[in-house]
Structures are given as structure tokens and as C-alpha cells.
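Chemist: For reference, the structure I am asking about is given below.
Laboratory data are not the source of any read-out in this text; all were calculated from the coordinates shown. The structure presented is a predicted model; accordingly, all values stated were derived computationally and were not measured. All Cβ positions, glycine included, derive from the backbone under ideal geometry; neighbour counts span all protein chains shown.
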Amino acid sequence: MRIKSTLSQEQLPKNYYNILHELPEGVPPPLDPKTRKPISPEALLRLFAKECIMQEVSTQQYISIPEEVREAYLRVGRPTPLYRATRLEKKLKTPAKIFYKREDLNPAGSHKPNTAIAQAYYHQKEGTERLTTETGAGQWGSALALAAAFFDIALTVYMTRSSYIQKPYRRILMEVYGAKVFSSPSDKTNVGRSFLEKDPDHPGSLGIAISEAVEDCVTHDNTKYSLGSVLNHVLLHQTVVGQEAKEQMKEFDVEPDYVVGCIGGGSNYAGLSYPFIGDKLRGKSEAKFVAVEPKAVPSTTKGEYRYDFGDTGEMTPLVKMYTVGHRYQCPPIHAGGLRYHGKAPSLSLLVDKGLVTTVAYTQNEVMDAGITFAKTEGIVPSPETNHAIKGAIDLALQCKQRNEEKVILFNFSGHGLLDLKAYEDKLAGSLEDYEPELSTIRQALASVPLVQ
Ligand SMILES: *Cc1c(COP(=O)(O)O)cnc(C)c1O
């Protein structure tokens, strides 16, 4: 029986696929928090690579991938294989067919190099000497550190304090690639110092680390900032995943009925799903789209679709997205990559339009799913990926109840070999589940500016 599809070097996609081409009404633009007017692309130049800003607003359907980027993709293992989870199917006794796209098989261990490599390349072309960024769990920091080493750019990473302590090996990985890593909140920035004054043991948050990285960027010459999710150009770079998966599903002679993934900022899910959503919008696919978030950070399931700051320190533009509020205190769940308060604007729009449905699970539920996956398919997934796996398993169990032979495709966004602490806690029975009351979220949303 066929269980694996690999593509040849020649089949590596030559273009990124741009969903904005299919959305004629466009995604609501980022706003200047003071004037409440759309930010001009020029204003973003202080932070991002020019090419990334052009991509951010482009409605061109395909944007070509530079040869140097394709070479780096090949070097880190693209095209990635797609597997059928026959052992998991047997274990579940489901008639459903489950497929997963392996984005864990590169040196950084997650899908994040897909955009890190592209961004580092554009920065090198444009003469950037140093990049700043934030990292939660450390996967984004590792990916950008790898890419910065490839393209010879210095990198400063603000790593949320809780992860800095919990995940020393992620920090060391970044340092091996040459990055400078600070625990956030740090004493390197005004924002960081202000949080440290209030609480010297502040655990940090992705929102605070973003504020620090942005402040470091705008206060230093020849320094730019790089974001690992949420923005249009980041999601665009991830579409190599879905384009490859489309070819691979053809090799298996199937089309997905469900496309599933976990959502932090939304980039890995967009990467897999947007090429399929494009087909659906053109009337060429009947697939359903299911995105999974943690119950502890329920942006789409309990939050609101409205303009909010991208960071806790209120330094970024206002972005229209599903959010639990930029001051929401994200509980310390192990899926650090899913602790961001908002979701990507394009994905938020698709959720609002009903094209993508969302579900939420607790961390114990998803870790159980991850352990079942490890025992059957042999791979230890990251806690983030376990959300996608739980979503896929639940759909497969529904198929069993209805005796339906549906095809489920999910994104295996990363491995968990540097997240074994999560498994240690799970096996010891000491994992806590967090689920905010609606009143907590209303309170966090009360500090979000009202924009009509
Ligand atoms: C960062 C990360 C995520 C969440 O980020 P998205 O932008 O939503 O993809 C999910 N899985 C893994 C393994 C990650 O590293």
C-alpha cells in the first residue's frame, strides 16, 4: 500500500500563491493608531524589507520565488514528503483516510524556515546588516537564526522569559547559528525595563517580546525587523506547503474533504490551506477547512473580529483580526507558538466569511492526541502540532460514526523533540488546563481602541 509521496527537486514550486488575488474586496488595511488612517507602505519601510512590503499589498496571483531561495529550500529538505497515517487510521478503526504534510523534517524542526529563508534573502539583497525579532517557544527564533546564518545577517532575538527558562536547547540552537538571544522582558529596551520594574520575575509574552524587537529595530541604524507569522507576506511564503501537498494528493489519487491545521498567528495553516481555498473559491473544490486553536487562547472561538494592536506595548499598527485583546494574559501553555492574542488578517477574514471553521481544545486533550500519534506513526509532534492532530482525529472519529470514507489532510507543523518537557509534565499528570471566562476576555478587549 502506498503510504508516502515525495516530489523531485524539479517539482519544488517556482511561485508563491497569493490568496489576496481571490479576495476582490481585499483584506482590511493596517491602520495608524494615532490617525486611524491606513498606514502607507512607505511607513512600513523602517521595519520590513521593501520586497516584503510589496508582497504584503500585492494582488498578483503568483509571485516568483528567487533561485537563491529555492536553493536554500532544497538544502533544508524541500519538497517535504506527505504521508498517509495508515497506522493511526487502524488504531482509530476509522474508514477515513488521514494524510499529513511533514514540515518537521528540516534542521529547525518546523514550517518556519519557509518564510525565514525568504525574508533573510530579501534583507541581504537590500543591504540590511542586522535583524531583530521575537520568539515564543523558540521555533521562529531557530528558523530565522538558520536563515540569517545562510545569508550572513546578524540577528538579535527577544525570547519570552518563560521559554528562555523552559527551553534552553532552543536558545543554544539559535546561538550555534550565531544569534544573540535575550530573555524578554529584558533591560535592553524601554518597553522591557518598564515591565521589569512592575515585576522583576515577569514571565514575558509574545506581545511584549514583539514590542522589544520593534523598539530595538527603530532605535538602531541598518537594522530591520522580521515577523514569523500573521502578515500577508509571511503566509504567502508558506504556500509552498499547500502547493506541494496538492501535487502529492494527486499522486495518491485523492482530494481532501477536510484540510486541518493548528493556528497561532495562522501561517502554517494558511500555507497548507490557501492553495486549496483558492480552488474552492474558483468552484473547483468541495473541501472544508478546519483550524484548531487552544482553549487557553481562544481568539476565534471566544474573541472578536476587530482592529487591535499587534503587540502588548502598543507600538505596532492596528490590524483587523480575531483577537482576545493585546493585553490578554496568555496562560503558560506548552504550545508556545499558539499563545499569540490575534490571528492573521487574511485568515480572520476567511473565518468571518465562514470559509474556515474553527475549534478549540485543552492542552491535556491535545497532548493525548500527540501521544497516540507518536505511538502509531512514530513521530513525537510539537505541542502546537498536537492541536492539528486532535482536530484530525476528531474528524476521523466522526467519519467512523457515520461510516464515511472521507479524506483528511493536516499540516504536521513541527516535531516535539525540543519540547519533551511538555511530555514529561503530561506523563506525570501535572499538566493544567486553562479556559478563560468570557468576562476575562471582555475585560481584555475593553482596552482595545474602538475603530469603526
Ligand atoms: C510557530 C508554530 C506554530 C504556530 O504558528 P502559525 O503561524 O500559526 O503557524 C505551529 N506549529 C509549530 C510547530 C510552530 O513552530
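Chemist: For segment 320-359, rounded, prolate or oblate, judged on the Cα gyration tensor with a ≥ b ≥ c (square roots of eigenvalues), a/c < 1.5 rounded, else prolate if a/b > b/c?
Modeler: Working: a/c = 2.81, a/b = 1.78, b/c = 1.58.
Cα axes put segment 320-359 in the prolate bin.
Chemist: May I pose another question? Which of Ile63, Ile333, Ile117 comes first, and how do the rest follow, when ranked by fewest Cβ neighbours within 10 Å?
Modeler: Ile63, Ile333, Ile117
Chemist: Suppose a student asked you for the relative contact order of segment 50-125, using Cα pairs under 8 Å spaced at least 6 residues apart; what percent would you report?
Modeler: Values: 48 pairs, mean separation 23.7, N = 76.
Across segment 50-125, relative contact order equals 31 percent.
Chemist: Still on this model: Could you calculate the contour length gain from Thr86 to Arg46, that is, 0.36 nm times the residue separation minus the distance between their Cα atoms, to one decimal place in nm?
Modeler: Details: separation 40, 0.36 × 40 = 14.40 nm, distance 4.92 nm.
Length gained, Thr86 through Arg46: 9.5 nm.
Chemist: Let me ask another. Put a dot 7 Å past each Cα toward the Cβ at Tyr434 and Asp32; how far apart are the dots in nm?
Modeler: 3.6 nm
Chemist: What percent do you get for the relative contact order of segment 253-357 when only Cα pairs under 8 Å and 6+ apart count?
Modeler: On the way: 174 pairs, mean separation 29.3, N = 105.
Relative contact order here is 28 percent.
Chemist: Taking trypsin sites (Lys or Arg not before Pro) as candidate sites, keep only those in a DSSP loop with at most 14 other Cβ atoms within 10 Å, then name the longest stretch of the chain containing none of them. All intermediate terms of the calculation are to be shown ahead of the outcome.
Modeler: Numbers: sites that count: Arg2, Lys14, Lys34, Arg36, Lys93, Arg282, Lys284, Lys353.
It runs 94-281.
Chemist: Let's see if you can work this out: charge +1 on each Lys and Arg Cβ, -1 on each Asp and Glu Cβ, no other charges. What is the dipole magnitude of the chain about its Cα centre, in debye to the nearest 20?
Modeler: On the way: 53 positive and 54 negative charges, 167 e Å.
With Lys and Arg at +1 and Asp and Glu at -1, about 800 debye.
Chemist: Here is a follow-up. Where in segment 368-452 are there GluC sites (Glu not before Pro) that are in a DSSP coil and have at most 14 other Cβ atoms within 10 angstrom of their Cβ? Don't skip to the answer; put the middle values down first.
Modeler: On the way: sites: Glu377, Glu384, Glu404, Glu405, Glu424, Glu432, Glu437; in loops: Glu404, Glu405, Glu432, Glu437.
Passing both the DSSP loop test and the Cβ count: Glu404, Glu405, Glu432, Glu437.
Chemist: Per residue, what volume in Å³ does the convex hull of the Cα atoms of the chain enclose?
Modeler: About 134 Å³ per residue, rounded to a whole number.
Chemist: Need one word for segment 284-407: rounded, prolate or oblate. Basis is the Cα gyration tensor (sqrt eigenvalues a ≥ b ≥ c); a/c below 1.5 gives rounded, then a/b vs b/c decides.
Modeler: Working: a/c = 2.70, a/b = 1.46, b/c = 1.84.
Oblate is the answer for segment 284-407, as a/c is 1.5 or above yet b/c matches or exceeds a/b.
Chemist: For a label point 7 angstrom out from the Cα of Ala154 toward its Cβ, which stretches of segment 97-129 have the backbone nitrogen within less than 16 Å?
Modeler: Correct set: 124, 127-129.
Chemist: Modelling each spin label as a point 7 Å along the Cα-to-Cβ direction, I'd like the Val218/Arg2 distance in nm, to one decimal.
Modeler: Each label point is offset 7 Å from its Cα along the Cβ direction, giving 5.3 nm.
Chemist: Right, another one. Evaluate E = 1/(1 + (r/R0)^6) for Lys250 and Thr59, where r is the Cβ-Cβ distance and R0 equals 22 Å; express this FRET efficiency to the nearest 0.05. Don't skip to the end; give the middle numbers.
Modeler: Working: r = 27 Å, r/R0 = 1.24.
Between Lys250 and Thr59 the formula returns 0.20.
Chemist: Let me ask you something else. Residue-wise, which Karplus ³J(HN,Hα) couplings in Hz belong to segment 242-255, taking 6.51 cos²θ - 1.76 cosθ + 1.60, θ = phi - 60°, and x for glycine or proline?
Modeler: x, 5, 5, 4, 4, 4, 6, 5, 4, 4, 7, 6, 9, 10
Chemist: Still on this structure, I have one more. What is the local net charge at Ser64, summed over the other residues whose Cβ is closer than 15 Å to its Cβ (Lys, Arg +1; Asp, Glu -1)?
Modeler: Values: positive: Lys14, Arg70, Lys125; negative: Glu51, Glu67, Glu68, Glu71.
Value of the local net charge: -1.
Chemist: Loop-only check: which GluC sites (Glu not before Pro) in segment 238-336 are DSSP coil with at most 15 other Cβ within 10 angstrom?
Modeler: Working: sites: Glu244, Glu247, Glu251, Glu286, Glu304, Glu314; in loops: Glu286, Glu314.
Taking segment 238-336 and a limit of 15 other Cβ atoms within 10 Å, the loop GluC sites (Glu not before Pro) found are Glu286.
Chemist: Determine the shape class of segment 368-452: with a ≥ b ≥ c the square roots of the Cα gyration tensor eigenvalues, call it rounded for a/c under 1.5, and otherwise prolate if a/b is greater than b/c, oblate otherwise.
Modeler: On the way: a/c = 2.22, a/b = 1.40, b/c = 1.59.
Cα axes put segment 368-452 in the oblate bin.
Chemist: While we're looking at this one, here's another question. Can you list residues whose amide H is under 5 Å from Val407's amide H, if they're 5+ apart or on another chain and H is modeled 1.01 Å from N?
Modeler: Hits under the 5 Å cutoff: Lys97, Asp257, Tyr258.
Chemist: Fewest first, what order do Tyr225, Tyr177 take by the number of other Cβ atoms within 10 Å? List each step's numbers first, then the result.
Modeler: On the way: Tyr225 23, Tyr177 20.
Going from sparsest to densest Cβ surroundings: Tyr177, Tyr225.
Chemist: Label Arg75 and Glu197 with points 7 Å out from Cα along Cα→Cβ: what is the distance between them in nm?
Modeler: For Arg75 paired with Glu197, the spin-label model returns 4.5 nm.
Chemist: Related question: In degrees from 0 to 90, rounded to the nearest 10, what is the angle of the helix 113-126 Cα long axis to the longest principal axis of the chain?
Modeler: 40 degrees
Chemist: Next question, about the same structure. Can you compute the FRET efficiency between Lys125 and Asn403 using 1/(1 + (r/R0)^6), with r the Cβ-Cβ distance and R0 = 41 Å? Round to the nearest 0.05.
Modeler: Values: r = 55 Å, r/R0 = 1.34.
After rounding to 0.05, the efficiency reads 0.15.
Chemist: Percent relative contact order of the chain, based on C-alpha pairs within less than 8 angstrom and at least six residues apart? Don't jump to the answer; show the numbers that get you there.
Modeler: On the way: 997 pairs, mean separation 86.8, N = 452.
Averaging sequence separation for qualifying contacts and normalising by length gives 19 percent for the chain.
Chemist: Give me Thr135, Thr156 ranked fewest to most by other Cβ atoms within 10 Å of their Cβ, as a rough exposure proxy.
Modeler: Numbers: Thr135 32, Thr156 21.
Ordered from fewest to most neighbouring Cβ atoms within 10 Å, Thr135, Thr156 come out as Thr156, Thr135.
Chemist: Dipole of segment 179-230, Cα-centred, from +1 at each Lys and Arg C-beta and -1 at each Asp and Glu C-beta, to the nearest 20 debye? Mind showing how you got there, number by number?
Modeler: Numbers: 5 positive and 8 negative charges, 30 e Å.
That gives segment 179-230 a dipole magnitude of about 140 debye.
Chemist: Going 7 Å from the Cα of Arg282 in the Cα-to-Cβ direction, what parts of segment 46-65 have a backbone nitrogen less than 14 Å from that spot?
Modeler: 60-63
Chemist: Could you work out the mean projected area of the convex hull around the alpha carbons of segment 236-285, in square nanometres to one decimal?
Modeler: Values: hull surface 13.8 nm².
With every direction weighted equally, the projected area is 3.5 nm².
Chemist: Give me P(r) over segment 57-103, computed from all C-alpha to C-alpha distances, binned every 5 Å, as integer percentages.
Modeler: 5, 16, 14, 13, 13, 13, 9, 10, 6, 1
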